[in-house]
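Written below as structure tokens is the structure these notes are about.
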Amino acid sequence: MRILSIYSGHNASICILEDGKVRINWELERFSRIKHDYGFSEAFLQRTLSLANVEIGDVDFVCINRGLPDDSVVRQGTLLRPADVPATTEHNVVPFVLPLSGKRFDALAINHHLGHAACAFFTSPFDEAAIFTYDGYGDAENSSIGVGRGNQIVGFERTHLADIAGWWASLTVNNYRMPRLHERDPGSHAGKIMALAAYGSADPQIARTLDRDMEAALRCAHYPDDSSYAFNDAEDLSDTRSTRSQNLARAIQQRTEAEVTAQFRRVHERDPEQRNLCYAGGLALNCIANSTALSASAFHRLHVPPCPNDSGIALGMALYAYHHHFGGAREPGHFVPYTGPDYGDTTKAFGALARRDGLRFEEANRESLLSILCRREVVCFYGARSECGPRALGSRSILCLPDRVNCRDFLNQLVKKREWYRPYAPVLLAEAAADVLEDCPQDAAYMTTSARIKRQWRQRLGGVNHVDDTTRPQVLREEQNPFLYGVLRDVERRSGIPAFLNTSFNLQEPIVETPDDAWRSFLAMPVSYLATENCIVSKL
């Protein structure tokens, strides 16, 4: 059975599932090159089908969500959805017939939060788990709870909680003066302020003012962004080196940690025997809050998928249809996040580009890459299939050893061209995690939880050690990415360091997707090496 799943809201994506296995799952932004892009694009659909080697007539079933409320808006040829899709605010699942690309399909309209819940549970290693979702807004609610058992989600209920995610988005545009990326973007800079929070201190006056404004929940036309909230009448806190700016970031982070902790405890109280929790929604990208709440709750294990935000809804809807609706069998395991397109022989593609632009090219073995990394060089790495979700997990990554001198400033100022306070994260051998980290959750494979670097490792892992000694690890098992695992293991044998600094391969754009995307970004960066599993390109 082939299931086509389309999510056309913010962070739009398409997934094709074949007999329960992901054939392809990727975001519109990787295709359009517009960050956090939205809407339905026939060109994106056709490209997805082509890359998956599937004809529209080969599709057996379609899943979809309304995504956005106004289908009259067209921007750059992108409709908000392909047809009139039933609302799922009253009923979580609505069967209907969907006209699509000249054909008609049996389809399910699936609730936004049920899509999140299914993504969380059906990608988890658990046969049974509590499920919790929490985001800004979707199908008239911002959270849900349920239980996953085998191939079913039961007891699913949508709820409405404090609009924490909305406040993160609002503060970024109204107080920190970070611009929206486009008209449907709710302020996608929350991760930046989460990083800034580590520089702040608890300020009771700021906390009281924030609580007052959140209680009032005011929206005012004179705010820089008049569709959202603001702290202290839109006080300008764009100077992120100021104590007040940093302390507000700390206040919203503390408020978030307290709220998520309270909700984890509430979810556990519904089923006190439950040891496992699956969590998704945009707020689940706050890795510090995730780990803080887990440690303060009675849950033993937490699974947050690599795409907990809206980019995971298409995947979740497809998995829900296959497992829950059609009864497809499920074998719980560690989800492999490399679900993007397969572009074939990238060695040939990069060889042609290197010859065209006069750069040195060699079909290389692992030894060449090891030597470059152990010289403390920075490498743009392009793997076979891209990872899903907003964080690079070793397939579209910039890598270096974390003890490189001034690597964080070099990457922030010259390579990535981003804010001074932004941290970097490690990809770390699973066998070394207990030695290197403390307070690290058991399931930390996708940079969705945090841990603290042990004192004896802080200098050697300086490039991935945040100001508060925390980091956002990708704990790597061999079966998830055999090539990257093998390189990291061999580098550890030479250098004694079991981790790479791993950041997304992009330059003020969505993470690179195609070989051409990677080539353009590589040429624009002061980085000397571009590598794949089988070749190395050098500017030297």
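The values are calculated or read from the model by the stated rules, or taken from the named source; none is laboratory data. If you're wondering where the values come from, they're calculated on a predicted model, not measured in any experiment. Methodologically, a virtual Cβ is constructed for each residue, glycine included, from the backbone with ideal geometry; neighbour enumeration extends over all protein chains shown. Please note that ligands, DNA and RNA were not included when accessible areas were found on the heavy atoms of the full protein model with its side chains. Shrake-Rupley method; radii C 1.70, N 1.55, O 1.52, S 1.80 Å.
Under 13 Å from the Cβ of Pro332, count the other residues' Cβ atoms, weight Lys and Arg +1, Asp and Glu -1, and hand me the total. Taking every Cβ under 13 Å from that of Pro332, the sum is -1. With 24 Å as the limit, the listed pairs Lys35/Lys417; Lys416/Lys454; Lys35/Lys539; Lys192/Lys417; Lys35/Lys192; Lys35/Lys416 have Lys416/Lys454; Lys35/Lys539 beyond it between alpha carbons. Expressed in units of 2.2 N^0.38 Å, where N is the residue count, the Cα radius of gyration of the chain is 0.93.
In this structure, the amide hydrogen of His303, modeled 1.01 Å from its nitrogen in the peptide plane, lies closer than 5 angstrom to those of Leu277, Cys278, Tyr279, counting only residues at least 5 positions away or on a different chain. Taking the empirical scaling 2.2 N^0.38 Å for compact globular proteins as reference, the stretch 1-41 has a Cα radius of gyration ratio of 1.19. Every Cα-Cα pair of the stretch 478-540 was included, and the share exceeding 15 Å stands at 62 percent. Over every Cα atom in the stretch 116-197, the radius of gyration and the widest Cα-Cα span, Dmax, amount to 15.7, 46 Å. When Rg and the Kirkwood Rh are both derived from Cα coordinates, the Rg/Rh ratio for the stretch 71-168 amounts to 1.03.
Packing, taken as the mean count of other beta carbons within 10 Å per residue, orders the peptides 281-293, 359-371, 484-496 from highest to lowest as 281-293, 484-496, 359-371.
Per-residue SASA remark: Lys454, around 50 Å² accessible (1.4 Å probe; ligands, DNA and RNA not included).
Pick out, in residue order, every one of the chymotrypsin sites (Phe, Trp or Tyr not before Pro) in the stretch 104-139 that is DSSP loop and has at most 12 other C-beta atoms within 10 Å; say none if there are none.
none
Counting charges near Gln413 (Lys, Arg +1; Asp, Glu -1) among other residues having Cβ under 11 Å from its Cβ returns a value of +3.
Simple spin-label estimate for Glu331 and Arg265 gives 4.1 nm between the two label positions (7 Å along the Cα-to-Cβ direction from each Cα). Note that the stretch 253-411, at 37 °C in a medium of 0.692 mPa s, gets a Stokes-Einstein diffusion coefficient of 168 µm²/s from its Kirkwood radius over C-alpha pairs. Across the stretch 183-241, counting alpha-carbon atoms alone, Rg and Dmax equal 12.5, 35 Å.
Normalised Debye scattering of the stretch 380-534 at q = 0.12 Å⁻¹ gives log10 I(q)/I(0) of -0.46, counting only Cα atoms as equal scatterers and leaving out solvent.
Debye calculation, C-alpha points only, no solvent: report log10 I(q)/I(0) for the stretch 320-393 at q = 0.12, 0.18, 0.28 Å⁻¹, in the same order as the q values. Results for the stretch 320-393 at q = 0.12, 0.18, 0.28 Å⁻¹ read -0.57, -0.96, -1.24. Across the stretch 407-420, coupling constants 3J(HN,Hα) worked out from phi with the 6.51/-1.76/1.60 Karplus curve, θ = phi - 60°, read 5, 5, 5, 4, 5, 5, 7, 9, 8, 8, 6, 10, 4, 4 Hz, and Gly and Pro carry x. Label point of Ala87 set 7 angstrom out along Cα-Cβ; within the stretch 1-39, amide nitrogens under 19 Å from it belong to 8-10.
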